[in-house]
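To start, the structure itself, in structure tokens.
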Amino acid sequence: MGRPQKISLAEAISLIHDGDSLTFSGFTIWRRPMAAIMELIRQGKKNLHLIEVNGGTHDDMLIGAGCVKIWESCWSGHELFGKIAGNLARKLEAGEIICEDYSHVQMLYRLVAGAQGIPFMPTYSAMGCDILNPEYDMLGKAGLRDGSNPKIPAKKYEMYKENFTGSEVALIPAAQPDWCIALVQMVGTEGTVRVLGQKYADDEAMKAADKLIVITEQIVPEEYIRREPEHNLIPPHLVDYVVELPWAAHPTGCYGAYEADGAFIKDFFAKTRTQDGFDAWAQEWIFGGKDHQEYLDKLGVARLETLKANAALGYSQKVKRGSR
């Protein structure tokens, strides 16, 4: 099998079309492909369909920029640096995007089914609550479950009385997005992917998507990465494109490489509670430079050095973490 193609970030994002469905690596403010998010905004992508186990700073930024039409997930926010996703909340209240609400476990099971190539997963999760209330099938109410889009299942769920115990379970449809954009610490020269620290739902997200773009902090010799195969997550034949781009998760964190930039995320949350505020923020931080390198130049070496993790400890000793 051939190796994945090594390309630039701009080239990778140019392959994504308006209306495509996307999922991402990471969890809330950890290991999100933020450089890719900003490039999606710079390239003016529209009507994107996000399918995620959970949201975070990345999708709130995309939504604030007007890039998203449909958001399927369970929650979005910035943890202690902003709680809820303000741009998502504003767009939902204005009726500017469609939100399909599932529970956390249901979203995970959708990607599990997609990764395994099966049509659904059974679960007791969220039974008895309004997530399974037909009134809140928002894609159905929008007339989008008509089969015209193969990424939108005909039903949000199906109740099923199984034959082993006679109990009722919910069948949750598989999710197979067009793209997964993953941010990882290390990729071998042949394309083997290694994730350090918590892996979240990365395995399922990467395998469920039709195409996989892996953005890595560094490319290392394949011989090195295969010395400890138990630490590797994805084999080369599942990877389509590799982008080598240090600091590509900023302002979210990347375990073993750098911390989440809490002050940056907190500032983003505070300044983007209105659309005018978001537009001004984006003009400064997204459109204020032509690419990721100019973004890093604007952040400055001193700030990045503070966030940089100690190689032995896996975290920064320079970040202030609060006091009693």
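More than 17 Å apart: what percent of Cα pairs in the stretch 168-292 qualify? I get 65 percent for the Cα pairs in the stretch 168-292 exceeding 17 Å. Report, in listed order, any pair from Lys83/Lys266; Lys45/Lys83; Lys83/Lys199; Lys83/Lys271; Lys45/Lys91; Lys69/Lys151 with a Cα-Cα distance greater than 20 Å. Beyond 20 Å: Lys45/Lys83; Lys83/Lys199. Once the Cα-Cα distance is subtracted from the 0.36 nm per residue extended length, the Lys290 to Lys271 segment shows a gain of 4.7 nm.
Other residues with beta-carbon under 11 Å from the beta-carbon of Cys74 carry, at +1 per Lys or Arg and -1 per Asp or Glu, a net charge of -3. Pairwise inverse Cα distances across the stretch 155-230, averaged and inverted, put the Kirkwood hydrodynamic radius at 15.1 Å.
The alpha-carbon positions of the stretch 1-158 define a convex hull whose volume is 139 Å³ per residue.
The length gained by stretching the chain between Ser14 and Ala94 to full extension, at 0.36 nm per residue less their Cα-Cα distance, is 25.9 nm. The overall shape of the stretch 204-246 is oblate: from the C-alpha gyration tensor, with semi-axes ordered a ≥ b ≥ c, the ratio a/c is 1.5 or greater and a/b is no larger than b/c. Here the chain carries DSSP beta bridges of which approximately 40% are antiparallel, counting only pairs with both residues inside. Panel values: the stretch 100-218, Kirkwood radius from alpha carbon pairs, Stokes-Einstein at 37 °C and 0.692 mPa s, translational diffusion coefficient 206 µm²/s. With contributions of -39500 (n - 2.57) from each DSSP H run of at least four residues, the per-residue ellipticity at 222 nm computed over the chain stands at -8000 deg cm²/dmol. Across the stretch 263-324, Cα-Cα distances exceeding 17 Å account for 56% of all pairs. Across Glu228, Glu244, Glu52, mean-square fluctuation computed from a Gaussian network of the chain (C-alpha pairs under 10 Å connected) peaks at Glu228. In units of the rule-of-thumb radius 2.2 N^0.38 Å, the stretch 1-72 shows an alpha carbon radius of gyration of 1.10. Here the spin labels are modelled as points 7 Å beyond Cα on the Cα-Cβ line, and at Asp297 and Ala311 they lie 2.8 nm apart.
Take the convex hull of the alpha carbons in the chain; its mean projected area over all directions comes to 18.7 nm².
Treat every Asp and Glu Cβ in the stretch 262-312 as -1 and every Lys and Arg Cβ as +1, leave all other atoms uncharged, and give the resulting dipole magnitude about the Cα centre to the nearest 20 debye.
It comes to approximately 220 debye.
Model label points for Thr165 and Asp279, set 7 angstrom from Cα along the Cα-to-Cβ axis, are 5.5 nm apart.
Bear in mind these aren't lab numbers, they're just calculated from the coordinates by the rules spelled out. Not measured: the values here are computed from a predicted model. Because the Cβ atoms are built from the backbone with ideal geometry, glycine has one as well, and the counts that use them run over all protein chains shown.
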